[in-house]
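The values are calculated or read from the model by the stated rules, or taken from the named source; none is laboratory data. Worth saying up front: this structure is predicted, and the values here are computed from it rather than measured. Reconstructed Cβ throughout: ideal geometry from the backbone, glycine too, with neighbour counts over all protein chains shown. Remember, those area values only see protein heavy atoms, side chains included, never the ligands or the DNA or RNA. Shrake-Rupley method; radii C 1.70, N 1.55, O 1.52, S 1.80 Å.
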Amino acid sequence: MNLRRDRLFLLALAAAAALCYAPGLDGPPVYDDLVGILHNPKMARPDLLARGFLDPTPQVPLGVPFPSLINRPLTEASFALHQARGGGRAGLRLGNVLLHIGASWLVFLIALRLGDGLGTAARPFAQWASLFFALHPLGTQAVAYAYQRFTGLEA
């Protein structure tokens, strides 16, 4: 295993993904970004966020048009932390880009491990698999749509 070469590849992979998704960092909110994150009073209610980790039913304040009835406490806590620090739209998407890069690195490591039986062919297979995952157009939803942070966390 050439650790130095793998590190260089992973840095290049991160740079390629960052360049790919950089133009959309400060784009306008899409779909449920405004209602679910930026204008959601639940993000300022730590009691509801904390309860979300223990109770599987969604904790939605009365009168809030919430886009999802699925309880995602880790995702909501990350949004609340972001808002508490005064972050804007670009920061929300930057977090998604970093999660996507991390998932791409994991794809590389998993593919490398799965390809151990292939010998020398494992490394190019793992590199192509992770590059394909990082730059495939379907990944755009998980990055540019801030409310889809749960997709990156699940990966």
Checklist entry - Does residue 60 satisfy the criteria of being at pLDDT 75 or above, part of a loop (DSSP other than H, G, I, E, B) and not charged (D, E, K, R)? => result no
Checklist entry - residue 10 is checked against (1) open to solvent by 40 Å² or more (accessible area, probe 1.4 Å); (2) more than 24 Å from residue 74 (Cα to Cα) and fails just one. What number does that condition carry? => result (1)
Item to check | Total residues in the stretch 116-132, condition out of contact with any Gly (no Cβ under 7 Å at 6 or more places or on another chain) and at pLDDT 80 or above | outcome: 8
Next on the checklist: Just to be sure I understand, how many residues within the stretch 79-108 are surrounded by fewer than 17 Cβ atoms within 10 Å (Cβ to Cβ) and under 11 Å from the mean Cα position of the chain (by Cα)?
Outcome noted: 2
Next on the checklist: Being surrounded by 11 or more Cβ atoms within 10 Å (Cβ to Cβ), in contact with a helix residue (DSSP H, G or I) (Cβ under 9 Å, 6 or more places away or on another chain) and modelled with pLDDT of 80 or more is the requirement here; does residue 17 meet it?
Outcome noted: yes
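Listed here are the residues, each with its yes/no results for (1) in contact with a Lys or Arg (Cβ under 9 Å, 6 or more places away or on another chain); (2) open to solvent by 50 Å² or more (accessible area, probe 1.4 Å); (3) touching a residue at least 12 places away in the same chain (Cβ under 8 Å).
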residue: 113; (1), (2), (3): no, yes, no
residue: 117; (1), (2), (3): no, yes, no
residue: 122; (1), (2), (3): yes, no, no
residue: 125; (1), (2), (3): no, yes, yes
residue: 129; (1), (2), (3): no, no, yes
residue: 135; (1), (2), (3): no, yes, yes
residue: 141; (1), (2), (3): no, yes, no
residue: 147; (1), (2), (3): no, no, yes
residue: 150; (1), (2), (3): yes, no, yes
Next on the checklist: With the structure loaded, tell me whether residue 112 is of a type outside the set (Lys, Arg), part of a helix (DSSP H, G or I) and farther than 29 Å from residue 24 by Cα or whether it fails that test.
Outcome noted: yes
Item to check | Residues located in the stretch 28-47, provided they are open to solvent by less than 40 Å² (accessible area, probe 1.4 Å) and over 9 Å from residue 147 (Cα atoms) | outcome: 40, 42, 43
